[in-house]
1. Could you pull out the residue among L202, L119, L155, L180 that is in a helix (DSSP H, G or I), modelled with pLDDT of 95 or more and in contact with a Phe, Trp or Tyr (Cβ under 8 Å, 6 or more places away or on another chain)?
2. Can you work out which of the residues in the range 181-227 that are surrounded by fewer than 17 Cβ atoms within 10 Å (Cβ to Cβ) and of a type in the set (S, T, Y) is farthest from P109 (Cα to Cα)?
3. Test of understanding: among R143, R156, which residue is under 26 Å from D205 (Cα atoms), surrounded by 13 or more Cβ atoms within 10 Å (Cβ to Cβ), more than 18 Å from the chain's Cα centre (by Cα) and among the basic types (K, R)?
4. In the range 1-25, which residues are without any contact (Cβ under 8 Å) to a residue 12 or more places away in the chain and surrounded by fewer than 16 Cβ atoms within 10 Å (Cβ to Cβ)?
5. Would you please list the contacts, defined by Cβ atoms under 7 Å and residues six or more apart or on different chains, that run from a residue in the range 138-164 that is in contact (Cβ under 8 Å) with a residue 24 or more places away in the chain to a residue that is part of a strand (DSSP E or B) and small (G, A, S)?
6. Name the residue, out of V35, V28, that is over 16 Å from the mean Cα position of the chain (by Cα), crowded, with 20+ Cβ neighbours inside 10 Å and within 26 Å of D205 (Cβ to Cβ).
Amino acid sequence: MILFDKVLTVIPARGSSKRVPGKNIALVGGIPLIVHTFRQLKKTPLVKSTYVSSESQPILNLAREHGFNSILRPSVHSSDASSTEDVLLHALNETNTNNSFDWILTLPPTSPFRKPETLVKAVELVSQDHFPYDCVMAFNENRADFWHMSNNSLLRLFPNHPRRQQDRPPLYEENSAFYLTRISALIASRSVLGDQTCIYPLLIDKLEAFDINDEYDMTIASFIADANKVQ
């Protein structure tokens with residue numbers, strides 16, 4: 001059985017973004033960025049148990065307008081130094097769920113091209129009997145040639161790898177599109193990853209993995225959204 005009713009979904013949406021002021025409600029493809037996440041969820045059974053956590057009343061009002069539950073986040077969990085884990089643990093306390101959820105799904109609103117079917121697939125994975133992992137998280141393949149600084153000189157991170165990109169073995173990049181974490185592991189480790197030796201990687205493509213961090217990313221995302229008529 002696919003246990004969607006055992007998954008609590010939290011959208012952490014701070015209003016005081018520094019690099020892109022008002023990022024989470026800035027327009028991407030003609031709609032507020034966070035609404036892309038709302039639309040993704042509305043195509044899944046997860047919509048019934050989703051909460052938006054924010055210190056921003058405009059964001060919380062927008063969540064309610066779209067039929068989502070809201071959690072007013074205190075300032076102590078809304079600074080640049082606040083962790084995602086603090087926000088999730090606060091959400092668990094505020095929802096007063098009486099241990100009715102086994103998993104918590106974290107959906108940063110900065111992934112406008114995330115696919116609903118990816119979220120469903122993640123829940124299907126953790127619904128398996130005796131699923132042994134603490135966290136299912138998104139990765140994408142990366143065949144870039146990475147270098148690092150050593151004694152003021154740049155050195156290849158993997159000097160024996162082939163020079164041609166298509167010949168290099170892939171690396172796997174955490175992209176923060178989603179984290180599906182066993183709640184008991186989150187509480188015990190205070191990490192969205194749970195026990196870091198117990199992670200199931202779910203590979204997604206580069207477009208789905210696109211994450212907005214700055215104005216340049218916003219421009220690219222708007223262009224992609226307009227070109228693909230994201231609905």
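The values are calculated or read from the model by the stated rules, or taken from the named source; none is laboratory data. Keep in mind that this is a model prediction, so the values were computed, not measured. So basically every Cβ, Gly included, is an ideal-geometry build from the backbone, and we count neighbours across all protein chains shown.
1. Of L202, L119, L155, L180, the one residue that is in a helix (DSSP H, G or I), modelled with pLDDT of 95 or more and in contact with a Phe, Trp or Tyr (Cβ under 8 Å, 6 or more places away or on another chain) is L119.
2. T197
3. From the options R143, R156, the qualifying one is R143.
4. Result: P21, G22.
5. A138/A177
6. Only one candidate passes the filter, namely V28.
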